[in-house]
Amino acid sequence: MQSVDEDQTNKRNLKRSRSSPYDMPVTDSNLVQNFDNSILFPVEDIVQYPLPGYVAPTSISFSPDDKLITYLFSPDHSLNRRVFAFDLKTCKQELLFSPPDGGLDESNISPEEKLRRERLRERGLGVTRYEWVNTSSKTKVIMVPLPAGIYFHDISYPKPELKLASRSNSPIIDPHLSPDGKMLSYIRDSELHVLNLSSNESKQLTYGAKGDALTHGLAEYIAQEEMDRKNGYWWSLDSKFIAFTEVDSSGVPLFRIMHQGKNLVGSDAQEDHPYPFPGASNVKVRLAVVSVAGGSITWMDLLCGGTNMQSYEEEYLARVNWMYGNILLAQVLNRSHSILKIFKFDIKTGRGKVIFEEESSTWVNLHDCFTPLDKGMTKSSGGFIWASEKTGFRHLYLHDANGSCLGPITEGEWMVEQIAGVNEASGLVYFTGTLDGPLESNLYCTKLFNDGNQQLQAPVRLTHSKGKHIVVLDHHMQSFVDIHDSLASPPRVLLCSLADGSTITPLYEQPFTVPRFKKPQLEPPEIVEIQANDGTTLYGELYKPDSSRFGPPPYKTMINVYGGPGVQLVCDSWFNTVDMRAQYLQNQGILVWKLDNRGSARRGLKFEGSLKQNLGRVDADDQLTGAEWLIRQGLAIVGRIGLYGWSYGGYLSALTLARFPDFFRCAVAGAPVTSWDGYDTFYTEKYMGLPSENPVDYEDSSVMHHVPKMKGRLLLVHGMIDENVHFRHTARLVNALVAAGKPYELLIFPDERHMPRRHRDRIYMEERIWDFINRNL
């Protein structure tokens, strides 16, 4: 659902009466607007990509010997990236790999890869990923997948080697190196293969796939889009086995999408996707293990999905993890998202047992914090680190090999986000989290073991600048790369000491190492705190017009909303400073406001759980509260406030416009979910339950249910081949608008999916959105 990249409360609607001041007539005399178009930047600046400042290196990693730091980078600040290396001895950057054929572009990739890019929200071109080959020799080799095939490049030689060529109509999908660097695994024709890198011999390991209906080693749609599981196979830690999924989608009806904008007809103008709607059956997923030498396959005693029962306990194969000693674990979530079990399997027999169970009356959120520990090296005796929200906030816990919890590693009213690394020898865990506030992300270090103490020691913060920090640790646990940004600073990349966080050397700082990006006057938004109607603190951001140009407030106002779970809009990040649509509107004299309502991410389970069976209620209520706060501050005025958003934000924009018809004047709803019975099982049932068991809330959460009350103007924007939020959502809403006699405007893109990608389409969209706002606000 997310288009941007996580309790239970009273599920009844918190309706509040509206007093007469909200019904006062509004005239243009209430708003002093003095436009000077000569200093406005053009609409084309809204769609520039990468965004200003976001040209820093990405996909950063250390070479196996930690002597090089490699990354994807575009010297000309375009989307076309190559592999570069920073030599830590010479402190020089050099080009490591440039695609012989120019690399990936939108015209030379298979339909399968295009859909995977949609799932990954990937827009990069040229080289989009690479892996270091982990070898015992002194040679340094990287693997680079490209449309032409899989390249291997020994950096001591000038030219890369095309190790495995692509074939027409048979693309290589999801290639990965074995942990020991001796083999390459990949999916071709829905089957799992391995390539021996020394002999250059390829071997097919699985058989029996039936097109898209039965696949081996590929993650299904729900896993990719909703579970953040992009893979369908996993190497064992000793590189001898591969666990993989078999996905049977034959029991899920196909949803047909027609390419109405093409000249072609028939099968060339349509695509079919198995899409499980709420209350219907999911795909069946089995788990198996095969030796990389080939031979017989061992099926684990597990079958996920294939039912439409909410009580079904083994519905989703959420994660697969290998432990040391070739022990296979599977995280399995039930249909109602209330119970997650960890199964432990004997890969020789396939027999499994439950060693751990997580239960929540709200829901269990998936994460990637599971970390196996090496048997015998620590007091954990081959156990693992697990993250749980059982206290209301995600924290780390130490478990033994049998799943028993040995105690907490972190605690408090803040959350751990990711484990960055574990040094078992020194007994230290490195992680990112919100200890210093939910608007930031920092790296911390704490002890792996508590030594029996009742009170845990406070984690030590290792990143020192305010804002967001993404980190990559080296293999020897001596240093880390810090990718830092904030509202005041575009991304910069530093090499820092893991001992105290001090800077060793800057790797990339935009004002000094590259020409300063062409930059309009981008003022960071102001972050404020307000109170929800239950007293909960909410965070908002203000983009205020220049009073010297537009006079004092109040101003015409547009509210940028998302509002759904798993996303945070308001944070101390450069991403908000270069929100180019917000900056454009601000430069047109429009005040722009963002508010993370209850249900948004990074505030704990109770805050997020406010949306349980409450979609379209508490989130819309909080958006109204935010608009009321703007009015009390004298910044906005009733009747001159609009909303805009995409995906869940499109849903919330349209719904809020309909629910509060005397308050909001217009809304732009991009790719909106208009009725939750039309979205997928995993996302919808997590928050709304089954339609058969919760029909009243399903109806009340539908935009169509509130259309008869709608007074404001609505612009609907949607791609007609959107396979995530189907165009059907907009079509159903249009039917309701027509039936109710409500005016609307429609902007469709026949050849676009969930978000327009083509440059000309994005420019056209922004022009039409601005025209709509200018006419109706």
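Here is how the numbers come out for the structure above:
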| read-out | value |
| --- | --- |
| Candidates 656, 684, 674 - the one that is in contact with a Lys or Arg (Cβ under 8 Å, 6 or more places away or on another chain), assigned by TED's automatic domain parsing to the domain that holds residue 740 and buried (at least 24 other Cβ atoms within 10 Å of the Cβ) | 674 |
| Matching option when the condition is touching a Gly at 6+ places or on another chain (Cβ under 6 Å), surrounded by fewer than 19 Cβ atoms within 10 Å (Cβ to Cβ) and more than 21 Å from residue 224 (Cα to Cα), among 771, 751 | 751 |
| Subset of segment 689-706 (residues that are buried (at least 23 other Cβ atoms within 10 Å of the Cβ) and either within 13 Å of residue 742 (Cβ to Cβ) or among the aliphatic types (A, V, I, L, M) (or both)) | 703 |
| Tally, over segment 695-726, of residues that are within 28 Å of the chain's Cα centre (by Cα) and either among the polar types (S, T, N, Q) or assigned to a loop (DSSP other than H, G, I, E, B) (or both) | 9 |
| Residue 138 vs. criteria under 30 Å from residue 479 (Cα atoms), at pLDDT 90 or above and surrounded by fewer than 17 Cβ atoms within 10 Å (Cβ to Cβ) | no |
| Selection from segment 263-279 of residues that are more than 15 Å from residue 221 (Cα to Cα) and surrounded by fewer than 16 Cβ atoms within 10 Å (Cβ to Cβ) | 263, 264, 265, 266, 267, 268, 269, 270 |
| Hits in segment 414-439 (condition: of a type outside the set (Ser, Thr, Tyr) and in a strand (DSSP E or B)) | 416, 417, 418, 419, 420, 421, 422, 423, 428, 429, 431, 433 |
| Single match in 110, 166 (criterion: surrounded by fewer than 21 Cβ atoms within 10 Å (Cβ to Cβ) and more than 27 Å from residue 95 (Cβ to Cβ)) | 110 |
| Yes/no for residue 159 being in a loop (DSSP other than H, G, I, E, B) and at pLDDT 90 or above | yes |
| Qualifying residue in segment 210-222 (condition: under 27 Å from residue 754 (Cα atoms), surrounded by fewer than 19 Cβ atoms within 10 Å (Cβ to Cβ) and under 24 Å from the mean Cα position of the chain (by Cα)) | no |
| Filter pass, residue 349 being over 30 Å from residue 606 (Cα atoms), surrounded by fewer than 18 Cβ atoms within 10 Å (Cβ to Cβ) and of a type in the set (Val, Ile, Thr) | yes |
| Residues being among the basic types (Lys, Arg) and out of contact with any Leu (no Cβ under 7 Å at 6 or more places or on another chain) - total across segment 618-646 | 1 |
| Sole exception among (1) modelled with pLDDT of 95 or more; (2) within 28 Å of residue 370 (Cβ to Cβ); (3) not aliphatic (A, V, I, L, M) for residue 275, by number | (2) |
| Top-ranked residue in segment 708-738 [being β-branched (Val, Ile, Thr) and surrounded by fewer than 24 Cβ atoms within 10 Å (Cβ to Cβ); ranked as nearest to residue 679 (Cα to Cα)] | 721 |
| Qualifying residue in segment 499-516 (condition: under 30 Å from residue 641 (Cα atoms), outside any loop (DSSP other than H, G, I, E, B) and modelled with pLDDT of 95 or more) | no |
| Selection count where residues are part of a strand (DSSP E or B), of a type in the set (S, T, N, Q) and under 15 Å from residue 128 (Cα atoms), scope segment 74-105 | 1 |
| Some residue of segment 440-453 being surrounded by fewer than 18 Cβ atoms within 10 Å (Cβ to Cβ), assigned to a strand (DSSP E or B) and among the hydrophobic types (A, V, I, L, M, F, W, C) | no |
| Complete set of residues in segment 112-148 that are assigned to a helix (DSSP H, G or I) and in contact with a strand residue (DSSP E or B) (Cβ under 8 Å, 6 or more places away or on another chain) | 112, 113, 116 |
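The values are calculated or read from the model by the stated rules, or taken from the named source; none is laboratory data. Being a predicted model, the structure only gives us computed values, none of them experimental. Neighbour counts run over all protein chains shown; Cβ positions are idealised from the backbone, glycine included.
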